[in-house]
Amino acid sequence: MPKRDLSPATLAAQALAWPDPQHHGLVPSIHPSASYARAPDGSYPGGHSYSRDQNPTFDAPEALLAALEGGTKALLFASGMAAATTIFETLPPRAHVLVPRHMYWTIRGWLQALHDRGAIELEAYDNDDADHLASLLRKDHTALVWVETPSNPLGKLTDIETTVGLAHHAGAKVVADGTTATPVLCQPLSLGVDIVMHSATKQLNGHADVLAGALVTANPDDPMWQAIEHERGYRGAVLGPFEAWLLLRGMRTLFLRVPAACRGANRVAQMLVAHAGVDEVYYPGLPDHPGHDIARRQMRYGFGSMLSFRPAGGEARARAVMNRLNVFRDATSLGGLESLVEHRARIEGQRSPLPADLLRLSIGIEDSDDLIADLEQALSI
């Protein structure tokens, strides 16, 4: 059966059936070499020249991620931030960039710093308001529209197809941060996005033991993509071979981990909504979530493993609830095997747009009964 007829879950589990070409091992090999020998004519018979640009250990995870996203080319980076910043480094000076008001805080902070020193023109649109986005677009001047859906940590939904239509009409590229959804739940390229970005540290790896990022495109001949590929080689912001190998190993269980975590997140969200000690829950899987209909249209298999909530009683009680949790660990990040809790406003600082009493949960693959019992005892104060 040709690979194109196989389901994404099978492609992931078999790592594209990528055996070791020399020994035919089912587990791909690690290639630690930084340099590669030339042939007498100066060419590289193995197709690789130097590991700042390419390494055989990158080939399998890049090919697999491209296949899962429905793209044709992927590039690995040393972190999600390395992937994101490389995109913006390829834009012309003073490029007009539109980003969602609610997005991953570290990228937003870095972009704000670029804006403050005059490198880009940065404006923010409301994640769930296409009319607001349209009012900010500048025909043939806006260079890039950034999309993050569901947003971190409020779970706001953006209609990707509508956003792409508006942005492309104005001559802008669209990049989607696919970290929280993963290609298991959503494929932005199929909805017209130009490039998908991942913090592969999160759910793609899934074991919280690799720092990695990735970009994926359906059009590797696009000058913007070629500039990104060129920039990666110069910046050297690439993974080590062992980290690339670990990333591939994690991706092989993606279609087991993500749906399981989504099921757990949905159960936790349902419990929190019904709890008298909770004021508000942010999870797109809830029927009364403002973006639920968009999420149902754009996502499959579930609505993500991240949710946030606000315990009744303000910031002091929110901190007290968090400190009483035993199964959840207070730690940064999301998408791992273990469930985490974080008081995001405290982490983001004074410029954070988040409510001071908001707690973000990343649901892992533990028994959801244990997670619910832990939350119930913490909320009993």
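The values are calculated or read from the model by the stated rules, or taken from the named source; none is laboratory data. Owing to the predicted nature of the structure, the values given are computational and were not obtained by experimental measurement. Cβ sites come from the backbone with ideal geometry, for glycine too, and all protein chains shown count toward neighbours. Remember, those area values only see protein heavy atoms, side chains included, never the ligands or the DNA or RNA. Shrake-Rupley method; radii C 1.70, N 1.55, O 1.52, S 1.80 Å.
Here residue 288 and residue 234 are evaluated by their C-beta separation; at R0 = 45 Å the FRET efficiency comes out at 0.40.
Taking square-rooted eigenvalues a ≥ b ≥ c of the alpha carbon gyration tensor, is region 339-381 rounded, prolate or oblate, where a/c under 1.5 means rounded and, failing that, a/b exceeding b/c means prolate? It comes out oblate by the Cα gyration axes.
Rounded to the nearest 10 degrees, the inclination of helix 56-69 to the longest alpha-carbon principal axis of the chain is 50 degrees.
Can you give the extra length, in nm with one decimal, that the chain gains between residue 139 and residue 94 once fully stretched, where that is 0.36 nm per residue apart less the Cα-Cα distance?
14.7 nm
Max-minus-min Cα coordinates of region 94-206 on each principal axis give 37, 29, 22 Å, with the largest extent listed first. In degrees, nearest 10, range 0 to 90: what is the angle between the Cα axis of helix 223-235 and the longest Cα principal axis of the chain? Roughly 90 degrees, rounded to the nearest 10. Mean sequence separation of contacting Cα pairs (under 8 Å, at least six apart), scaled by the length of the chain, corresponds to a relative contact order of 16 percent.
Is the C-alpha gyration tensor of the chain telling us rounded, prolate or oblate? Criteria: a/c under 1.5 is rounded; beyond that, a/b larger than b/c is prolate, otherwise oblate.
oblate
For the options 333, 33, 368, a Gaussian network treatment of the chain with springs between C-alpha atoms closer than 10 Å singles out 33 as fluctuating the most. Tilt of helix 241-251 relative to the longest C-alpha principal axis of the chain, in degrees (0 to 90, nearest 10)? Between helix and principal axis, roughly 50 degrees.
Number of Lys-Lys pairs in the chain with C-alpha atoms under 20 Å apart and a separation of 8 or more places or on different chains: 4. Overall, the accessible surface of the chain at a probe of 1.4 angstrom is composed of carbon and sulfur to the extent of 51 percent. Residue 315 to residue 168: FRET efficiency via 1/(1 + (r/R0)^6), r the Cβ-Cβ distance, R0 51 Å, to the nearest 0.05? Efficiency at R0 = 51 Å is approximately 0.75.
Determine the per residue accessible area of region 111-256 with all protein chains present and a 1.4 angstrom probe, expressed in square angstrom. Could the numbers behind the result be given before it?
Values: 5110 Å² over 146 residues.
Ligands and nucleic acids excluded, the figure is 35 Å² per residue.
Each residue, residue 352 and residue 222, gets one label point 7 Å from its Cα in the Cβ direction; the gap between the two is 3.3 nm.
Here region 143-199 is treated as a sphere whose radius is the Kirkwood value from Cα pairs; by Stokes-Einstein at 37 °C and 0.692 mPa s it diffuses with a coefficient of 294 µm²/s. Mind telling me which of 193, 258, 278 comes out most flexible in a GNM of the chain, alpha-carbon contacts under 10 Å? Of 193, 258, 278, the Gaussian network model singles out 278 as fluctuating most.
Quick check: from the Cα gyration tensor, does region 1-123 come out rounded (a/c under 1.5), prolate or oblate?
oblate
Of the residues 91, 146, 291, the one whose Cα sits farthest toward the positive end of the charge dipole of the chain, with +1 on the Cβ of Lys and Arg and -1 on the Cβ of Asp and Glu, is 91. About the centre of its Cα atoms, the chain shows a dipole size close to 320 debye [charges on the beta carbon of Lys, Arg (+1) and Asp, Glu (-1) only; nearest 20 debye]. Using the Karplus relation 6.51 cos²θ - 1.76 cosθ + 1.60 with θ = phi - 60°, the per-residue 3J(HN,Hα) values for region 26-32 come to 6, 9, x, 7, 9, 10, x Hz, with x marking Gly and Pro. When shorter helices are ignored and each DSSP H run of at least 4 residues is given -39500 (n - 2.57), the per-residue value for the chain at 222 nm works out to -11000 deg cm²/dmol.
Seen from residue 147, the other residues with C-beta closer than 14 Å to its C-beta sum to a net charge of -4, counting Lys and Arg as +1 and Asp and Glu as -1. Over the C-alpha trace of region 247-381, radius of gyration and Dmax come out as 14.6, 44 angstrom. Computed over protein heavy atoms with a 1.4 Å probe, the accessible surface of region 1-68 works out to 60 Å² per residue. In the complete set of protein chains, residue-level accessible area for residue 168 is approximately 80 Å², probe 1.4 angstrom.
On full extension, the segment bounded by residue 106 and residue 377 gains 94.3 nm, given 0.36 nm per residue less the C-alpha separation. Charge tally for residue 224 (other residues, Cβ to Cβ under 15 Å; Lys, Arg +1; Asp, Glu -1): -3. Residue-wise HN-Hα couplings along region 170-180, as the Karplus relation 6.51 cos²θ - 1.76 cosθ + 1.60 with θ = phi - 60° gives them from phi, are 8, x, 9, 7, 10, 10, 10, 7, x, 4, 6 Hz; Gly and Pro carry x.
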